[in-house]
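To start, the structure itself, in structure tokens.
Here, each number is a calculation from the coordinates, and none is a lab measurement. Nothing here was measured: the structure is a model prediction, and the numbers come from that model. For neighbour counting, all protein chains shown are included, and Cβ atoms are generated from backbone atoms with ideal geometry for every residue, glycine included.
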Amino acid sequence: MYPFFYRPMFEVLEDGWSSFLLEQEFEHLSSVTNEWRLSCVNKDFSVCPSYPPVVIVPKSIDDEALRKVALFRYGGRFPVLSYYHKKNGMAMLRSSQPLTGTNGRRCKEDEKLINATLRSGRRGFVIDTRPLNVAQQARAKGGGFEQEVHYPQWRRIHKYIERFHILQESFIKLVEACNDQSHNMDRWLSKLEASNWLTHIKELLTAACLAAQCIDREGASVLVHGSEGTDSTLQVTSLAQIILDPRCRTIRGFEALVVREWLQAGHPFQQRCAQSAYSNSKQKWEAPVFLLFLECVWQIHRQFPCSFEFNEHFLILLFEHAYASQFGTFLGNNESERAKLKLPQKTMSLWSWVNRPEELSRFQNPIYEANSLVIWPSVAPQSLQLWEGIFLRWNRPSRFLEEAEEERINIIKYNKELQAKKTRLGTVSSLGSCSVSELGTVSAEAGTLYLQLCG
């Protein structure tokens, strides 16, 4: 394990292991609402092995109730807060499936917990990432779903998102198509379509938009789960936050999102990213779940290029380190395993390196303009593209692309300088100390650069 032997050759300015603690997120939450609390019920990982020691739950639910709910949810993954929408006070929870079984077992503490997130007279939505027939079949194995008779205030919606071997086979087909240089156009397009990769992108983005719409436009709280709650559930909750929360579209905000919704939430990176992303072997639990999430972020980024503080290189960096890294950040399947391995003491965090000023500059988007609005990506097939930066990274002439990108950045910087000069001259002009011709020249030059950039 290289991360245990790696010694940084840079000055460590920040301990990445303590940069995004849930306690810090709770402080931010406490500044806008007092309806939630931090619970340490899982401090020794005995209630839920895949949850972190600290979780955020409704203030009205005590720890004893949480223990009972954990026994009613697969793997002990009881509903916890994923996101709080400051605009209207709605919440997004995530969990695993309820263990209702064929006898329709119920848990009043579970019902009370999720009902605690509802406003008086309002309904909530349960977004189940399994198709209805799979959810019904799960009852025969002890699983199940929230039955309307016990959850009358909640409407259940099934939005199917592929997982495991189907997703992995789709990924392998796509990689094979991208690496084969002998295709003619028809064969290439046929293989691309046969991989179904862009279909998976569309379905995932659709589910995330649905969750965001329920929260922002319907004014309803949302509970998201599939079977285990460690894969498609996390994809939906994290993408919904990208859509809803401008903080998640900043570099540090996105890092916090990855830590909170993937690492702390128990996505099994060790199993899902067991081998090289380009390996043709089929491991039982291997699947590009995290990569699919990153590509969806890239698709949104491409549609809203000015709304993200980070660039494409930042997303590619996270993809690479999830599969192979000198840092310990993505080792293990959950916080319990990382604690047993003593990763914070024995390895370096990826964030300690990324957040150094000289590194951050490489990942900053030069055309970023803070956007406080909700962004709604298009999921139409015509709006989705293959992520060349990942799948065709070795096929395209990178030197020319890098030169073009550098020139684009220089134009943007110069344009901003001219805009600033225009603003200064405009201020002076209002005092009667600037010639109109000088101001007009700067305006025209800035406009020309803008047209160059757009073209």
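A few points about this structure:
- For region 1-82, the orientation-averaged shadow of the C-alpha convex hull comes to 7.7 nm² (one quarter of the hull surface).
- The gain in end-to-end length when the Leu118 to Asn179 segment is fully stretched comes to 16.9 nm, 0.36 nm per residue minus the alpha carbon separation.
- Among the listed values [x] 1.00; [y] 1.04; [z] 1.12, the one computed from these coordinates for Rg/Rh (Cα atoms, Kirkwood Rh) is [x].
- Packing order of peptides 100-111, 359-370, 296-307, highest average first: 296-307, 100-111, 359-370 (average count of other Cβ atoms within 10 Å over each peptide's residues).
- Applying the Karplus relation 6.51 cos²θ - 1.76 cosθ + 1.60 with θ = phi - 60° to region 162-171 yields 3J(HN,Hα) values of 5, 9, 6, 5, 5, 5, 5, 5, 4, 5 Hz, where x marks Gly and Pro.
- Average 1/r across all pairs of distinct alpha carbons in region 38-109, invert it, and you get the Kirkwood radius: 12.9 Å.
- Modelled FRET efficiency - R0 22 Å, Gln283 with Gln303, Cβ distances, 0.05 increments: 0.05
- Cα extents for region 180-246 along the principal axes, largest to smallest and rounded to whole angstrom: 51, 27, 18.
- Per-residue ellipticity at 222 nm, computed for the chain from helices alone with -39500 (n - 2.57) per DSSP H run of at least four residues, works out to -14000 deg cm²/dmol.
- Taking 0.36 nm per residue of sequence separation and removing the Cα-Cα distance, the Lys421/Ala380 pair yields an extension gain of 10.7 nm.
- Antiparallel %, DSSP beta bridges [both residues in the chain], to 5: 50 percent
- The chain, relative contact order in percent, only Cα pairs under 8 angstrom and at least six apart counted: 17 percent
- Across Lys87/Lys141; Lys87/Lys159; Lys141/Lys346, pairs whose alpha-carbon gap is larger than 30 Å: Lys87/Lys141; Lys141/Lys346
- Under a 5 Å amide H cut-off, with hydrogens placed 1.01 Å from N, Trp154 pairs with Gly124 among residues at least 5 apart or on other chains.
- Förster radius 56 Å - calculated FRET efficiency between Lys108 and Asn410 (Cβ-Cβ, nearest 0.05): 0.30
- Cβ-Cβ FRET estimate between Gln147 and Glu358, R0 fixed at 51 Å, reported to 0.05: 0.35
- The modelled label-to-label distance between His158 and Ala140, using points 7 Å beyond Cα along the C-beta direction, is 1.4 nm.
- Database remark: amide H of Tyr83 closer than 5 angstrom to the amide H of Met92 (H placed geometrically; neighbours at sequence offset of 5 or more, or on other chains; Pro and chain starts carry no H).
- Selection from Phe72, Leu360, Cys296, by position along the positive dipole direction of the chain (Cβ): Phe72
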